[in-house]
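This report concerns only the one structure given below.
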Amino acid sequence: MLDQISKSIKKIKHYLLILLAVFIPTSIGLTNIIIALISLLWIIEGNYNKKWKIIKNIKWLVPMLALIALYILGMFWGENHINASFQFQRLSLLLFFPVLVSTFNNQNTIRYSAIAFLATNFISAFLAILINIGIISHLSEYFYFISNDKHVAAFIKYNYHNVLLSFATILALYIFFKTKTKYRKLLFFVIIVYAISIFTERGRAGQVIFNITCIFYIVYYNYNKLLKLLFFISLLIFCQYLMYNNSEVYKKKSIERTVKIIKNKGYVKSKKGKKTLDSRFVWSKYCIQKIKEKPLFGYGTGSFGTLLINEYDDIFKEKSNEKFLPHMTPHNQYLYVWFELGFFGILLLLLIFGLQIQELFKKQDRFYRLLLPISFMLLLLVDSYFFIFIGTITYIYLYTIFRNYQAS
């Protein structure tokens, strides 16, 4: 009887992990439900000794749990903790990491889940392209699950959609190069669709990660073949040139706006023609100024948004003549953690990724696997994706695959 129940739980978990791959790119609500169900089954099925043996050997879980503990302690210093509940909601998702890494190791489940993730992202990318180019102008009228919001690409916000496609590309290329799959042509087509969607929508982060991924593979396979290296680098530049000239979004939002911000030291022209400061520039500058004042312990959990509104609003309006819009984070994970928890917080955050890189480095195909945490660390320079639901669950899910996947 117990064996039958155990087999049933394993079978249900198998399907839930595949469904997780489907819902991450399409629905935050359904993803939450799947996470809750997997966690519940993890508790019900027992085998705690076996799970504990797996968990205790994962070194990077120690700084991760220590970071959560430090956020709890961060409630005891500083004077502003209004946004603490926002912070703890996001931190709680990190507790799903040990659940997934200790249960998500069956190779059939991993492979089917990876296929589901790539296929769902392909559908999302394809629909986004159709909507963007106007072939299907009122798609949302016929399919209730597709949004007509301009900030949403098919299913989720454009910036998250863009990032998901870039990480799906990393997974697709790993499978393309390191497995004996007979579907290489199909995978190549899927990657092309990802690329078109990435570069015809807003979302610089995904575009940067995609380009870094391409450069990695070009250099890795051609570092000792000068002519091939130059050819593929030139081909990548040519593709960027084509995108620049054929995608208004990529041209104006990604390239020209970024160049103007850097060139003008944070200033850009608004739609009304007024000179205004870029909000990310403001948040980063403010963070750095405040970190210098309290580098060791920071200002406490949930303090960033409150202090920014209280202390920097007048300066922002004075320089840009625009009302400052409050924000929970500075769009930089490292500055965000350092601001609230100080040096010890940023040290723990870096230790998490450092130990994950060390873990993957010991595995076969290590350089392919390392691309995931390194890309994610770069992503954290432009937003707090480690504390954003889509970013966190995507990384937890993909890291678990890259940690356990056995290429064959």
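The values are calculated or read from the model by the stated rules, or taken from the named source; none is laboratory data. Nothing here was measured: the structure is a model prediction, and the numbers come from that model. Don't worry about glycine lacking a Cβ; one is built from the backbone with ideal geometry, like all the others, and counts go over all protein chains shown. Just so you know, the surface numbers come from the protein's heavy atoms only, side chains and all, with ligands and any DNA or RNA stripped out. Shrake-Rupley method; radii C 1.70, N 1.55, O 1.52, S 1.80 Å.
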Gaussian network model of the chain, springs between alpha carbon atoms under 10 Å - residue of PHE231, PHE96, PHE117 with greatest fluctuation: PHE231
Charge dipole magnitude, Cβ of K and R +1, D and E -1 - segment 1-140, Cα centre, debye nearest 20: 560 debye
Solvent exposure of the chain as accessible area per residue, Å², 1.4 Å probe: 51 Å²
Accessible surface of the chain, 1.4 Å probe, proportion on carbon and sulfur as whole %: 65 percent
Assigned charges on the beta-carbon of Lys, Arg, Asp, Glu; the chain dipole about Cα centre (debye): 1140 debye
Signed unit charges on C-beta, dipole axis of the chain, positive-most listed residue PHE402, ILE291, GLY46: PHE402
Surface accessible to a 1.4 Å probe, TYR299 within the full protein complex, Å²: 20 Å²
Gaussian network model of the chain, Cα within-10 Å springs - most flexible of CYS214, CYS287, CYS239: CYS239
Relative contact order (percent, whole number), the chain, Cα cutoff 8 Å, 6+ residue spacing: 23 percent
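Hey, with R₀ at 25 Å, roughly what FRET efficiency would PHE343 and ILE261 work out to, going by the Cβ-Cβ distance, to 0.05?
0.30
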Shape of segment 35-97, Cα gyration tensor, a/c cut at 1.5: oblate
Choice from LEU380, LEU226, LEU173 with maximal GNM fluctuation in the chain (Cα, 10 Å cutoff): LEU226
Residue-averaged 222 nm ellipticity for the chain, from DSSP H runs of 4+ at -39500 (n - 2.57), nearest 500: -23000 deg cm²/dmol
